[in-house]
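Values quoted throughout were computed directly from the atomic coordinates according to the rules given, and no laboratory measurement underlies them. What you see is a predicted model, and the numbers here were worked out from it, not measured in a lab. With ideal geometry, Cβ positions are generated from the backbone for all residues, glycine too; neighbour counts draw on all protein chains shown.
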Amino acid sequence: MHPLDEREAAFEARFAHDANLRFRCEVRQGRIAGLWAAGLLGLDGVAAQDYARSVAIAGVEAPGGDGVARRLAADLGARSDAATIRARLSDAMVEARRQILGEA
């Protein structure tokens, strides 16, 4: 294999790895934020887990955090404001990344 081909393959592998990591972090972020919101909504146990899963799915359907933020804002209403939700999402992303990198 030519060195440029090897380099291209390495860049493609790195891109795929980074995209996979980003996706996994976004899903985990949605789940973590969903658990936080579940607590504000008075959900616990299986109901909280189901709610967190549905929030994570909202993030997959509209990637980049907007789906999760919109879903949380709609569900929480007056229980939380946009700034608090954004701060929680930021914290959740840090935690998600820490968890996923710790699993590797």
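Kindly check whether there is at least one residue in the stretch 3-26 that is aliphatic (A, V, I, L, M) and crowded, with 16+ Cβ neighbours inside 10 Å.
Start the filter on the stretch 3-26 by keeping residues that are aliphatic (A, V, I, L, M), which leaves 4, 9-10, 13, 16, 19, 21.
Filter once more, so that each one left must be crowded, with 16+ Cβ neighbours inside 10 Å: none.
No, the conditions are met nowhere in the stretch 3-26.
Remark: pairs (first residue in the stretch 40-58, in a helix (DSSP H, G or I); second residue surrounded by 15 or more Cβ atoms within 10 Å (Cβ to Cβ) and among the polar types (S, T, N, Q); Cβ separation under 9 Å; 6+ apart in sequence or on different chains) = 40/80; 56/29.
Residues are listed down the side, and each one gets a yes or a no for (1) more than 23 Å from residue 18 (Cα to Cα); (2) of a type in the set (Lys, Arg):
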| position | (1), (2) |
| --- | --- |
| 46 | yes, no |
| 71 | yes, yes |
| 74 | yes, no |
| 90 | no, no |
| 95 | no, no |
| 101 | no, no |
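Given 18, 66, which one is within 24 Å of residue 103 (Cα to Cα), of a type in the set (D, E, K, R) and under 20 Å from the mean Cα position of the chain (by Cα)? Steps first, please.
On the way: 66 fails: within 24 Å of residue 103 (Cα to Cα).
Only one candidate qualifies: 18.
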